[in-house]
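To start, the structure under review is shown below, and the notes come after it.
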């Protein structure tokens, strides 16, 4: 998956914002003000950090060479995925949605309801 395809897909999800709170070389994507994806902008190998259910995170690391514990993140809840590695694009898109859903699920009820309305529109 290219950076452009990744970027376009992330922004297809409701209520996504992006910024560079950690400096100009790390692009952070948030939903409801909470991070669900981060990608380095100056990396030779474009890795994206995605939030993941802990059990699924381990399974993915065992199955795919290019899925590793989240770089500079809580390694129980985050994976780093090489966008150009052995992980199929369809699975990367699924993992992006999974990360987004985990974060939305952790938001206060009022915020979740607001985002769900956007998702259903």
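Rule-based calculations on the coordinates, nothing more; no lab input. Owing to the predicted nature of the structure, the values given are computational and were not obtained by experimental measurement. Reconstructed Cβ throughout: ideal geometry from the backbone, glycine too, with neighbour counts over all protein chains shown.
Table for the structure above
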read-out	value
Looking only at the range 2-38, and only at residues there that are closer than 19 Å to residue 88 by Cα, in contact (Cβ under 8 Å) with a residue 40 or more places away in the chain and touching a strand residue (DSSP E or B) at 6+ places or on another chain (Cβ under 9 Å), the one that is surrounded by the fewest Cβ atoms within 10 Å (Cβ to Cβ)	3
Residue within the range 88-105 that is in a loop (DSSP other than H, G, I, E, B), surrounded by 12 or more Cβ atoms within 10 Å (Cβ to Cβ) and in contact with a helix residue (DSSP H, G or I) (Cβ under 8 Å, 6 or more places away or on another chain) present	no
Number of the condition not met by residue 102 [criteria: (1) closer than 18 Å to residue 3 by Cβ; (2) touching a strand residue (DSSP E or B) at 6+ places or on another chain (Cβ under 8 Å)]	(1)
Failed condition for residue 119, given (1) closer than 15 Å to residue 13 by Cβ; (2) within 15 Å of the chain's Cα centre (by Cα); (3) outside any strand (DSSP E or B)	(2)
